[in-house]
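Worksheet: one structure, shown below.
The values are calculated or read from the model by the stated rules, or taken from the named source; none is laboratory data. Everything numeric in this text was worked out from a predicted model, so none of it was measured. For neighbour counting, all protein chains shown are included, and Cβ atoms are generated from backbone atoms with ideal geometry for every residue, glycine included. Accessible surface areas use protein heavy atoms only, side chains included; no ligands, DNA or RNA. Shrake-Rupley method; radii C 1.70, N 1.55, O 1.52, S 1.80 Å.
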Amino acid sequence: ERLKCGQAIPITPPPTSPANSHRLWPEIDRVVKQEVSMASLGVGECGSGWQLFAEDGEMRMFRREEEMDGMVVDPLKAVHVVKGITGHEVCHYFFNPQYRYDWETTLEHMIVLETVSEDTLIFHQTHKRIWPASQRDVVFWSHTRRLPNDQDRDGPDIWTVVNNSTEHPDHPANAGKCVRIFLTVCLLCQTRVDPPKDGAPVSRDDITCKITYCSVVNPGGWAPASVLRAVYKREYPKFLKRFTAYVKNQTKDKPIMY
Ligand code: 6CM
């Protein structure tokens, strides 16, 4: 039908994400919103239950000791402040599979089971065996998203990646030698820009990224609590330091990606 003069042009609103027609979309959207709002909360003062277990420079890691059916499922919350990189860059290197073997030291094998859309992938990963427990594997969807910066409308947007366990018919749980783990992970990145006073162009010296990393991992089967807590205490700080150093190194000679 022809438009009459002065009549508003009917514009279909853009979809919130190209993944929004997929069977998993309602779950992805719900979990992403929930995880982002949980990750945005501070660790609070005494009484919040978060205990500091690792600290190195600007990096702080907290955990809450929790067990489910006798298995350690301690929620972890880490905060780190890194100069010279943006939240978009951090999420880019965390989400995209081509970089994962470079920084993920516990990884043995990774495949993309399904490309749901540009911002949503389904992965199967096997992780290195940790004595005396069985080897672990995991199937999860991974979704990355740009979020509006309500606090500073002129500042760069906030970026997130959420990983959450799911099922896949090609890789049923506990069918082979691996025990299936279940995880929910949220990486939330806020970027601050302090423009140079002399009006010079913004460089990597003027940008700072506040990273919040939250995870809950259920080991899925027997694993001695003391070994598991010792592994987490060693591996999480190693991961966050190595991963952020990797992003700094990858981006140092590239244009800033906001
Ligand atoms: O979030 C991280 N990595 C993502 C991309 O790989 C993704 C995957 C997380 C898998 C986390 C599994 C870690 C534990 C594996 C060993 C379990 C052994 C149990 C038996 C011990 C006695 O979200 C970074 C993950 C950093 C982990 C330290």
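In a fully extended conformation the segment linking Asp194 and Gln34 would gain 54.6 nm over its present Cα-Cα distance, using 0.36 nm per residue.
For Lys77, the lysines whose Cα comes closer than 25 Å to its Cα, not counting residues fewer than 8 places off in the same chain, are Lys33, Lys128, Lys210, Lys233, Lys238, Lys241, Lys248. Restricting the trypsin sites (Lys or Arg not before Pro) of segment 64-161 to loop positions (DSSP other than H, G, I, E, B) with no more than 10 neighbouring Cβ atoms within 10 Å leaves Arg153.
Close amide H contacts of Gly220 (hydrogens built in the peptide plane, cut-off under 5 Å, sequence separation of 5 or more or a different chain): Phe182. What separates the Cα centres of segment 43-85 and segment 142-165 is a distance of 21 Å. Rounded to the nearest 10 degrees, the angle from helix 225-251 to the longest Cα principal axis of the chain is 30 degrees.
Here the Karplus curve 6.51 cos²θ - 1.76 cosθ + 1.60, taken at θ = phi - 60°, turns the phi angles of segment 128-138 into couplings of 4, 5, 10, 4, x, 7, 6, 5, 10, 9, 8 Hz, with x standing for Gly and Pro. Computed over neighbours whose Cβ is under 12 Å from that of Leu24, the net charge equals -2, Lys and Arg +1, Asp and Glu -1. Converting phi to 3J(HN,Hα) with the Karplus coefficients 6.51, -1.76 and 1.60 and the offset θ = phi - 60°, segment 71-77 yields 10, 5, 10, 3, x, 10, 9 Hz in sequence order, with x at every glycine or proline. Computed over protein heavy atoms with a 1.4 Å probe, the accessible surface of the chain works out to 56 Å² per residue.
With kT/(6 pi eta Rh) evaluated at 37 °C and eta = 0.692 mPa s, and Rh the Kirkwood radius from Cα pairs, segment 52-251 diffuses with a coefficient of 182 µm²/s according to Stokes-Einstein.
In this simple spin-label model, placing a label point 7 Å from the Cα along the Cα-to-Cβ direction at both Arg242 and Leu41 gives a separation of 3.1 nm. Candidates Tyr258, Cys189, Ala173 compared by Cα position along the dipole of segment 123-258: farthest toward the positive end lies Ala173, with charges placed on Cβ. Taking only protein heavy atoms and a 1.4 Å probe, the accessible area of the chain is 54% carbon and sulfur. Compared with the alpha-carbon gap, the fully stretched path from Glu67 to Leu52 is longer by 3.6 nm at 0.36 nm per residue. Result for the chain in a Gaussian network model with C-alpha springs under 10 Å: among Ile181, Ile130, Ile122, the largest mean-square fluctuation is at Ile130.
Annotation for Glu118 and Arg23: the two label points, set 7 Å from Cα along the Cα-Cβ direction, are 2.6 nm apart. Evaluating 6.51 cos²θ - 1.76 cosθ + 1.60 at θ = phi - 60° for every residue in segment 145-158, the Karplus couplings come out as 8, 8, 10, x, 8, 5, 6, 9, 5, 8, x, x, 5, 8 Hz, glycine and proline recorded as x. Build a GNM of the chain with springs between Cα atoms under 10 Å apart, and of Cys214, Cys186, Cys178 the one that fluctuates most is Cys178. Dipole magnitude for the chain: about 320 debye, using +1 per Lys or Arg Cβ and -1 per Asp or Glu Cβ, origin at the Cα centre. Calculated mean residue ellipticity at 222 nm for the chain: -7000 deg cm²/dmol, from DSSP H runs with n ≥ 4 weighted as -39500 (n - 2.57), summed, divided by the residue count and rounded to 500. Taking Cα atoms only, the orientation of helix 25-40 departs from the longest principal axis of the chain by about 80 degrees.
Please give me, ordered by residue number, the trypsin sites (Lys or Arg not before Pro) of segment 179-258 that lie in loop per DSSP and have at most 12 other Cβ atoms within 10 Å.
Lys197, Lys252
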